[in-house]
Amino acid sequence: MIAIEDLWYTYPGRNEPTLKGIDLTIQKDEFVLITGPTGCGKSTLLKTLNGIIPHESAGEMKGNVHINGMSTRDSGMAQLGQLTGLVFQNPDDQIFSTIVEDEIAFGPENLCLQKSEIDRRVRESLRMVGMSDHRFAQTTALSGGQKQRICIASMLAMLPQVMALDEPISQMDPKGASEVMQTIRDLNRKLGLTIVLVEHRVHEIAHLVDRIIVMDCGKIVLDEPAETAFEHIEVFRSLGLRVPETVELFHKMDFESYPLRVEESIKILRGQMEKQNNISASSLTTSQYGFYTSNDISNDGGSFLGECNTGNPVISIRDVWFGYEKDKTVLKGIDLDIHKGGRVALMGANGSGKSTLLHHLSAMLKPGRGDVEVFGYNTRSKDSYSFASKVGLVFQNPDLMLFCDSVEEEVRFAPSNLGYGDIGQKTANSMRSMAILDLQHDLPQALSRGQRLRVAVASILSMQPQLILLDEPTTGQDKMHIEQMMDYFTGDGTTLVFCTHDIETAMRYATRIIVMSDGVVIADGNGREIFSDTEILDRTSLKQPPVMQIARSLGFCAFSVDELAEGLGKLI
């Protein structure tokens, strides 16, 4: 289905090629995952599959790409568009209709299909991605994750032979991501659709794919079937990539097999426990073996570990109601205090109001009813500019923040305009903290999505704000850069509030997790409390991390791979 021979590509203005001699063959019906560090060329490779490169790019391409025998160099975009559906990394780059139905129908309409067939494809595509209830909604009113679903649906409506998806679940809540990925898997299995998927969240989808390809510096460095790829775990670790928690656990315990599914892991571990101890696994789960009991689920230091709960709060929210439209309320009576030094994660389903609440904290939005105070000032009497030196907000879409001609200019823009001293040092320190110092002369818009997000974060850090607000900061980031970013915030003493669907990052770095559902706060505590409460998880689109699912099935509590491995080591 896909044949790539000695493919090289260099972007305009770049001396270094982004793709370097790629040779790759993908068979019909295959489901292939491509992963690798941020900026390694993954998204660029996808753009060669539907002709954006070379037809819509001024860069230099060498080599050949054939889709079902058709040369992308010699074929037009109209032909290639019917063969390969491409879902972009940023849904805002792809959506141009104001109504969801119009967005889905656009492709089939241009194929001159009958109205009844167009209607059928619209209905079926929306059903497959779980967006049937939003058929007549305005696209501008959707959350990032909902927009991603719409982009996938718009490609499905074209019935392509190949689906190329660039981080299609990066902004989706965990359950939504699982549902959409299962739908894509079903399309692959039942309809024979060839899937090429670029994703950093390897740990969430490895069990669904047939084959895993790892790229680094524009080259393919690993190409293995999914069931054997993690025998080369050193490749993933050296490049700072995530691996499934089940794989980490079995590697740590020196097993010879590395299951990708929780169910398989439980079966193997239960068998080993019973074999070693000659009794049922359930009778072994007592505190004498070093496990947490079901009642021991809080971090040392209380619910809000690391957050000082004395004195005046940095943020005070009282009975806040807000809606973008008169008949649609997004926030419904929010009451919260956030104190200095906290690292607070806002979690919940797409469309639950997380980003809307975050924007209230920077005075970009004003409550319809109720009050928001930041550093003692009521945001009703302030605009976002008045908080510029104290509050830094990074949007879910970093492209909305980037407008300078180089990374260095972007990062120094704010301190320069605020009249700060020692701007050069502040700029360099911010770029270094986000690992973009080597990109300082590059055009921000020419970087990968993950790199652009880190530029946006650095442009905020250079102001040295006391309160930092991040909307989905892990989007487009590999494990190494997620850890580098979050470790920075852990050590600098600022107050951090971030929206995220990344359960592992929230569990590891947040001192407090606030869970929202349909505009209200339904849970507020530390990670161990939140993710041990199955009732709360059932009401939202959250789910327990694999390590917690395994521990729970074996009858005890563990909250990390290290905890689980240490406890199991005493039994196996």
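I'd like to verify a number: residues in the stretch 82-138 that are under 14 Å from Leu159 (Cα atoms), within 24 Å of the chain's Cα centre (by Cα) and either hydrophobic (A, V, I, L, M, F, W, C) or open to solvent by 20 Å² or more (accessible area, probe 1.4 Å) (or both), how many?
5
For Asn15, only one of the following conditions fails: (1) touching a Ser or Thr at 6+ places or on another chain (Cβ under 8 Å); (2) part of a loop (DSSP other than H, G, I, E, B); (3) open to solvent by 30 Å² or more (accessible area, probe 1.4 Å). What is its number?
The number of the failed condition is (1).
Yes or no, residue by residue, for (1) open to solvent by 70 Å² or more (accessible area, probe 1.4 Å); (2) acidic (Asp, Glu); (3) closer than 16 Å to Ala164 by Cβ:
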| residue | (1), (2), (3) |
| --- | --- |
| Asp6 | yes, yes, no |
| Tyr11 | no, no, no |
| Thr25 | yes, no, yes |
| Gly39 | no, no, no |
| Thr44 | no, no, yes |
| Glu56 | yes, yes, yes |
| Met61 | no, no, no |
| Met77 | no, no, yes |
| Leu80 | no, no, yes |
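Here are the criteria: (1) touching a Ser or Thr at 6+ places or on another chain (Cβ under 6 Å); (2) open to solvent by 40 Å² or more (accessible area, probe 1.4 Å). Tell me which single one Leu49 does not satisfy.
Status for Leu49: all satisfied but (2).
Of all residues in the stretch 63-75 being without any contact (Cβ under 8 Å) to a residue 60 or more places away in the chain and surrounded by fewer than 21 Cβ atoms within 10 Å (Cβ to Cβ), which is nearest to Gln27 (Cα to Cα)?
Looking only at the stretch 63-75, we keep the residues that are without any contact (Cβ under 8 Å) to a residue 60 or more places away in the chain, and these are 63, 69-75.
Checking the rest, the ones that are also surrounded by fewer than 21 Cβ atoms within 10 Å (Cβ to Cβ) come to 63, 69-71, 73-75.
Details: Gly63: 19, Gly69: 12, Met70: 14, Ser71: 16, Arg73: 20, Asp74: 21, Ser75: 21 Å.
Ranking the candidates gives Gly69 first.
Which condition breaks for Ala428 when tested against (1) buried (at least 23 other Cβ atoms within 10 Å of the Cβ); (2) farther than 30 Å from Leu142 by Cα; (3) not aromatic (Phe, Trp, Tyr)?
(1)
Out of the stretch 492-532, which residues are small (Gly, Ala, Ser) and more than 26 Å from Glu245 (Cα to Cα)? Steps first, please.
We begin by selecting, within the stretch 492-532, every residue small (Gly, Ala, Ser); these are 493, 506, 510, 517, 519, 523, 525, 527, 532.
Matches in the stretch 492-532: Gly493, Ser517, Gly519.
Scan the stretch 339-373 for residues that are among the small types (Gly, Ala, Ser), closer than 17 Å to Thr474 by Cβ and touching a Phe, Trp or Tyr at 6+ places or on another chain (Cβ under 8 Å) and jot them down.
Residue satisfying the conditions is Ala345 alone.
Restricting to the stretch 236-248, give me the number of residues that are open to solvent by 30 Å² or more (accessible area, probe 1.4 Å) and farther than 25 Å from Ala551 by Cα.
Residues flagged as open to solvent by 30 Å² or more (accessible area, probe 1.4 Å) and farther than 25 Å from Ala551 by Cα within the stretch 236-248 amount to 1.
Do we have Phe413 as assigned to a helix (DSSP H, G or I), closer than 16 Å to Val391 by Cα and open to solvent by 50 Å² or more (accessible area, probe 1.4 Å) here? Steps first, answer last, please.
Values: assigned to a helix (DSSP H, G or I): yes; closer than 16 Å to Val391 by Cα: yes; open to solvent by 50 Å² or more (accessible area, probe 1.4 Å): yes.
Yes, satisfied.
Examine the stretch 151-169 for a residue that is over 30 Å from Glu5 (Cβ atoms), within 16 Å of the chain's Cα centre (by Cα) and either of a type in the set (Val, Ile, Thr) or modelled with pLDDT under 90 (or both), and state whether such a residue exists. Don't jump to the end; show me each part of the working.
If we filter the stretch 151-169 for residues that are over 30 Å from Glu5 (Cβ atoms), which is where we start, we get 153-154, 157, 169.
Imposing the further condition that a residue be within 16 Å of the chain's Cα centre (by Cα) reduces the set to 169.
Subset that is either of a type in the set (Val, Ile, Thr) or modelled with pLDDT under 90 (or both): 169.
Looking for residues that are over 30 Å from Glu5 (Cβ atoms), within 16 Å of the chain's Cα centre (by Cα) and either of a type in the set (Val, Ile, Thr) or modelled with pLDDT under 90 (or both), one finds at least one in the stretch 151-169, hence yes.
Step by step: first the residues of the stretch 356-371, then only those that are hydrophobic (A, V, I, L, M, F, W, C) and in contact with a Ser or Thr (Cβ under 7 Å, 6 or more places away or on another chain), then the one that is most open to solvent (accessible area, probe 1.4 Å). Which residue is that? Lay out the reasoning, then the answer.
Restricting attention to the stretch 356-371, the residues satisfying the condition of being hydrophobic (A, V, I, L, M, F, W, C) are 357-358, 361, 363-365.
Then keep just the ones that are in contact with a Ser or Thr (Cβ under 7 Å, 6 or more places away or on another chain); that gives 363-365.
Details: Ala363: 6, Met364: 92, Leu365: 34 Å².
Ranking the qualifying residues of the stretch 356-371, first place goes to Met364.
Is one or more of the residues making up the stretch 444-454 touching a residue at least 12 places away in the same chain (Cβ under 8 Å), in contact with a His (Cβ under 6 Å, 6 or more places away or on another chain), farther than 24 Å from Ala58 by Cα and not β-branched (Val, Ile, Thr)?
Taking the stretch 444-454 as the starting set, the residues that turn out to be touching a residue at least 12 places away in the same chain (Cβ under 8 Å) are 444-454.
Those still in the list that are in contact with a His (Cβ under 6 Å, 6 or more places away or on another chain) too: none.
No.
Considering only the stretch 471-566, give the strands (runs of 3 or more DSSP E) lying wholly within it that have at least 1 residues that are open to solvent by less than 10 Å² (accessible area, probe 1.4 Å) and touching a helix residue (DSSP H, G or I) at 6+ places or on another chain (Cβ under 7 Å). Write out each step before concluding.
Working: elements: 495-499, 512-517, 520-525.
Answer list for the stretch 471-566: 495-499, 512-517.
Are any residues in the stretch 41-61 in a loop (DSSP other than H, G, I, E, B) and in contact with a strand residue (DSSP E or B) (Cβ under 7 Å, 6 or more places away or on another chain), and if so, which ones? So that I can check it myself, show each step before the final result.
Here is the first cut: in the stretch 41-61, the ones in a loop (DSSP other than H, G, I, E, B) are 41, 48-51, 56-59.
The answer is Gly41, Thr48, Leu49, Asn50, Gly59.
What is the residue count in the stretch 380-415 for residues that are at pLDDT below 95, polar (S, T, N, Q) and more than 20 Å from Pro473 (Cβ to Cβ)?
Qualifying residue count for the region: 3.
Give all pairs with beta carbons closer than 9 Å in which a residue from the stretch 190-217 that is surrounded by fewer than 20 Cβ atoms within 10 Å (Cβ to Cβ) meets a residue that is part of a helix (DSSP H, G or I) and hydroxyl-bearing (Ser, Thr, Tyr); count only pairs at least 6 apart in sequence or on separate chains.
His207/Thr246; Asp216/Ser238
Quick one: how many residues across the stretch 95-121 are of a type in the set (Phe, Trp, Tyr) and not in a loop (DSSP other than H, G, I, E, B)?
1
Which ones in the stretch 143-168 are open to solvent by 20 Å² or more (accessible area, probe 1.4 Å) and farther than 30 Å from Met70 by Cα? Even if it seems obvious, please write down each step before you answer.
As a first pass, look at the stretch 143-168 and keep what is open to solvent by 20 Å² or more (accessible area, probe 1.4 Å): 143, 146-147, 149, 155, 158-159, 161.
Matches in the stretch 143-168: Ser143, Gln146, Lys147.
How about the stretch 560-572: which of its residues are farther than 14 Å from Glu248 by Cβ and within 31 Å of the chain's Cα centre (by Cα)?
Across the stretch 560-572, the qualifying residue is only Gly567.
Only residues in the stretch 372-398 that are surrounded by 14 or more Cβ atoms within 10 Å (Cβ to Cβ) count as the first member; pair them with residues that are among the polar types (S, T, N, Q), Cβ under 6 angstrom, at least 6 apart or cross-chain, and list the lot.
Going by the 6 Å Cβ cut-off, the qualifying pairs are Val372/Thr379; Glu373/Ser316; Ser384/Ser362; Lys390/Gln466; Val391/Ser362; Leu393/Ser362.
The values are calculated or read from the model by the stated rules, or taken from the named source; none is laboratory data. Keep in mind that this is a model prediction, so the values were computed, not measured. Positions of Cβ are generated from backbone atoms using ideal geometry, with glycine treated the same way; all protein chains shown enter the neighbour counts. For accessibility, only protein heavy atoms count, side chains too; no ligands or nucleic acids. Shrake-Rupley method; radii C 1.70, N 1.55, O 1.52, S 1.80 Å.
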